[in-house]
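Chemist: Once you've had a glance at the structure underneath, I'll fire off some questions.
Read the figures in this text as sums done on the coordinates, not as results from a lab. Because the structure is a prediction, the values reported are computed rather than measured. Because the Cβ atoms are built from the backbone with ideal geometry, glycine has one as well, and the counts that use them run over all protein chains shown.
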Amino acid sequence: MHVLISFIIILNVFLYDYLTTKVSMSFVLTDEITVSILLLAAVFFILSHKKFYINRYEKRILILLTAILLIGFASLLYKKYQPYSVGIKDAIIFFKCFIIYFITRMVFHNFDISLYKNRITFIFKILFYFIFILTIANYFFHIFPADQTSLGFAGQRLFFPHSSRYAFALQMLFVLLFPAFIEKNRIFLLLVLACGLASMKFKYISFAVIEVFLIFAYSRIGRINVKKYLLMSIPILILLGFIVSNQFLYYYSEDAYEFGYARAILTYNSLPIALDHFPLGAGFGTYASFMSGVYYSPVYELYDMHWVWGLTPANPRFVTDVYWPMLIGQFGIIGFLCGLIIIFTFFGLFIRLFNDADNVNIKPYIFSGIQLMLVLLIDSMSDQIYSQNRGVISFFYLALIVNSAYIKKNQQ
């Protein structure tokens with residue numbers, strides 16, 4: 001089982017982009033195929049009349065997801081910007097990471113990932129050393145192309161299509177290796193973090209700053225007191241603000257809007273769209289989503305965005321450059337708040353599991369789950385990671401951790 005899980009993670013995180021760009025575009029359906037296979041397994045699970053426990057956090061999440069579903073289709077029914085077939089396709093893309101979470105909770109309900117720590121660690125430690133050696137070699141021999149220069153250095157991406165994908169791969173490796181090395185070899189974890197800095201992505205730098213603090217603070221964290229750690233995080237947030245301020249202004253300032261940057265324009269127009277369609281939003285497949293570009297949404301012309309580079313009918317490649325503005329535009333203020341509450345409910349679930357856990361083997365896994373959600377939250381500031389294969393595999397791993405936590409709890 002651990003080999004299967006490792007293969008699924010490697011396929012979706014490390015090989016997905018290479019296979020889709022260099023081998024066949026058919027591999028773009030990898031995450032959908034993964035969801036479909038697990039969905040079939042879930043059907044057999046239900047037919048076998050096995051019991052499946054859903055906690056109160058997950059019930060709240062399901063209610064909020066249902067609210068977004070109803071809002072998205074009610075908007076389409078009212079405004080008719082897109083056919084329902086487009087709305088259904090967009091809904092599948094939007095919900096697939098949450099679908100994979102609940103299916104994995106169901107299908108792998110008896111799987112305890114902590115029992116396979118050494119075997120899984122061995123696989124991903126070898127993979128890290130492979131990427132680390134390639135990264136060092138690329139600086140000297142230029143085996144792979146690099147992205148644009150930032151802070152005086154070229155952003156490394158190796159065989160990934162973009163340095164942000166390279167950065168996520170190192171973040172995922174850090175999360176996967178954290179449980180095995182947090183107590184016995186923190187220097188190794190710092191090495192993993194340092195390797196990811198080669199991406200020169202401001203989002204990764206923000207993540208690394210937070211993780212350096214957490215690595216050395218972990219042994220003192222018995223319970224997570226939310227109020228206490230919010231106060232402690234203030235100086236870290238100030239430092240992060242200083243680090244990312246230039247990048248933020250580059251994409252979201254008034255100048256960025258005037259220069260016609262797609263990300264800035266999508267962000268600025270999301271609120272007017274939500275207010276004009278209050279309280280529902282424009283509906284599935286209409287704004288800043290993948291399907292709104294494939295089946296070009298009339299909303300872009302209505303709000304004079306069809307001329308923007310990357311948002312044109314012929315070249316809609318940047319329509320998915322934002323996540324939260326997509327929620328605001330498609331589902332309105334109510335849908336946006338539902339999405340925000342869903343993410344922080346997941347944080348609440350993992351904090352509760354961490355505080356309740358007495359088993360020393362599972363606590364590092366639960367903490368790594370919190371770190372993974374932090375990765376997703378940071379990435380969502382400029383990427384639709386929750387709707388992509390990286391979001392799918394992340395929620396797959398999060399569900400495995402939740403299952404393992406409940407197994408340990410029942411053994412007490």
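Chemist: At 222 nm, what helix-only mean residue ellipticity would the chain give, in deg cm²/dmol to the nearest 500, using -39500 (n - 2.57) for each DSSP H run of four or more?
Modeler: Computed ellipticity for the chain at 222 nm equals -22000 deg cm²/dmol.
Chemist: Scan the chain and note any complete DSSP helix (H) whose C-alpha atoms cover at least 20 Å along its axis and whose Kyte-Doolittle average is -0.5 or more.
Modeler: Membrane-span-like by this criterion, though nothing is claimed about a membrane: 30-47, 56-79, 84-107, 117-141, 163-181, 202-217, 234-252, 262-276, 324-356, 363-379, 389-411.
Chemist: Which loop chymotrypsin sites (Phe, Trp or Tyr not before Pro) in region 34-114, with loop taken from DSSP, have no more than 13 other Cβ atoms within 10 angstrom of their Cβ?
Modeler: Filter output for region 34-114: F52, Y53.
Chemist: Arrange the peptides 156-167, 340-351 so that the one whose residues have, on average, the most other Cβ atoms within 10 Å appears first.
Modeler: The packing order, highest mean first, is 156-167, 340-351.
Chemist: Note down the nm distance, to one decimal, between modelled labels 7 Å out along Cα→Cβ at N110 and at A74.
Modeler: 4.2
Chemist: How long are the semi-axes of the ellipsoid equivalent to the chain, from square roots of 5 times the Cα gyration tensor eigenvalues, in whole Å, largest first?
Modeler: Computed over the chain, the values are 32, 27, 21 Å.
Chemist: Can you tell me which of G283, G87, G332 moves the most in a GNM of the chain? Springs connect C-alpha atoms under 10 Å apart.
Modeler: In this elastic network of the chain, the residue with the biggest mean-square fluctuation among G283, G87, G332 is G87.
Chemist: Which order, highest average first, do 364-374, 391-401 follow once you tally other Cβ atoms within 10 Å for each residue and take the mean per peptide?
Modeler: For the peptides 364-374, 391-401, the packing ranking is 391-401, 364-374.
Chemist: Obtain the nm distance between the two label points defined at F52 and R317 by a simple spin-label model: each point lies 7 Å from its Cα along the Cα-to-C-beta direction.
Modeler: Spacing of the two 7 Å Cα→Cβ label points: 4.0 nm.
Chemist: Round to a whole angstrom and tell me the spacing of the C-alpha centers of region 42-118 and region 156-223.
Modeler: Distance between centres, Cα-based: 29 Å.
Chemist: Something else: Just how large is the dipole of the chain about the Cα centre, in debye to the nearest 20, putting +1 at every Lys and Arg Cβ and -1 at every Asp and Glu Cβ?
Modeler: 1520
Chemist: Could I ask something else about it? Defining a contact as two alpha carbons under 8 Å apart and six or more residues distant in sequence, what relative contact order in percent does the chain show?
Modeler: 25
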